[in-house]
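Scroll down for the structure; my scribbles are underneath it.
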Amino acid sequence: MLRGLYTATAGMMTQQHRHDTVTQNIANLNTTGYKQVDSVARSFPEVMIGLQNGDEGRDNRQVGKLNTGVFAEESISMMVQGDITETQSSDDLALVSDIQVANPQGGSIAFDASGKFVGANGQVQYQPQAFFNVQNASGGVSYTRDGDMHLTAEGRLVTSMNQNILGQDGQPIVLTGSMDDYWVRENGTIFNKATGAASGRIGITVAQQPNELTRDGEGLFSEKTQGAASLRAATNEDQINVKQGYLERSTVDAAQSMVDLTAALRAYEANQKVVQFYDKSLEKAVNEVGRVQ
């Protein structure tokens, strides 16, 4: 009897995690460059169930395999290109990337809407993605798609969370005046409109395995395991464009999020009913069946 109680409880915990994940996505629906997070659930390993205390002299009969619950294994960020919206503000920069990967059979790999490709041997490959280089709180390098930038009073180019944008040389970009005095080329080079001189180039990093990046909060990603995401500096051969006066919207699908939110709530309630059933059954077993007349 308790096996079913534990299974239902595990289901409730999984659906709560799923609900929290979808709620986070909805809360960031209008966050620039936000990447939708999907909760992945997996069942516990199957166990073999056998009939105990069977007929004397006979082996216990096997009933079969049974899963004993489900758990929320991980949360995966959907690293795909978000829609671009025009703002007409010189402070706003959007990264538009469509980095191609050669197919061993010829041509380029055709990635699906989630940025994933599954080969004939079952190997999964994700489409590489580009990120702005920013300086994190510890002074190291992190990566973001947040192009909602502005210049501080000291002339530092920063994100909406006041994180320094790093140049190709790894140093914070410092400019004079306002961003209206500059125009940014598609490769990230910043030019002074008055003099035509280059004032630096925004550092852009390509993650060959973007699904291996870890969220650090405030729109930042980092590589926790050295080499896991296969980071490299962007090159002119990459299909990456920096668009000034545009912002990348979040990749959250509002309609699908509401469907997922409702489904998680319904599944949570169903598991809750099972727990209540077992609670009443145990109550009867203790207070009524086990009562000594």
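Data overview
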| read-out | value |
| --- | --- |
| Flag if Thr176 is surrounded by fewer than 13 Cβ atoms within 10 Å (Cβ to Cβ), part of a loop (DSSP other than H, G, I, E, B) and within 26 Å of the chain's Cα centre (by Cα) | no |
| Pairs, first touching a residue at least 60 places away in the same chain (Cβ under 8 Å) and crowded, with 18+ Cβ neighbours inside 10 Å in segment 82-100, second in a strand (DSSP E or B) and aromatic (Phe, Trp, Tyr), C-beta under 6 Å, six or more apart | Ala94/Tyr246 |
| The one condition in (1) modelled with pLDDT of 95 or more; (2) hydrophobic (A, V, I, L, M, F, W, C); (3) over 19 Å from Leu247 (Cα atoms) that Phe131 fails to fulfil | (3) |
| In segment 65-121, the residues that are part of a loop (DSSP other than H, G, I, E, B) and of a type in the set (Ser, Thr, Tyr) | Thr68, Thr87, Ser89, Ser90, Ser114 |
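The values are calculated or read from the model by the stated rules, or taken from the named source; none is laboratory data. The shown structure was predicted, so the numbers you read here are calculated from the model rather than taken from an experiment. Positions of Cβ are backbone-derived with ideal geometry, glycine not excepted, and every protein chain shown enters the neighbour counts.
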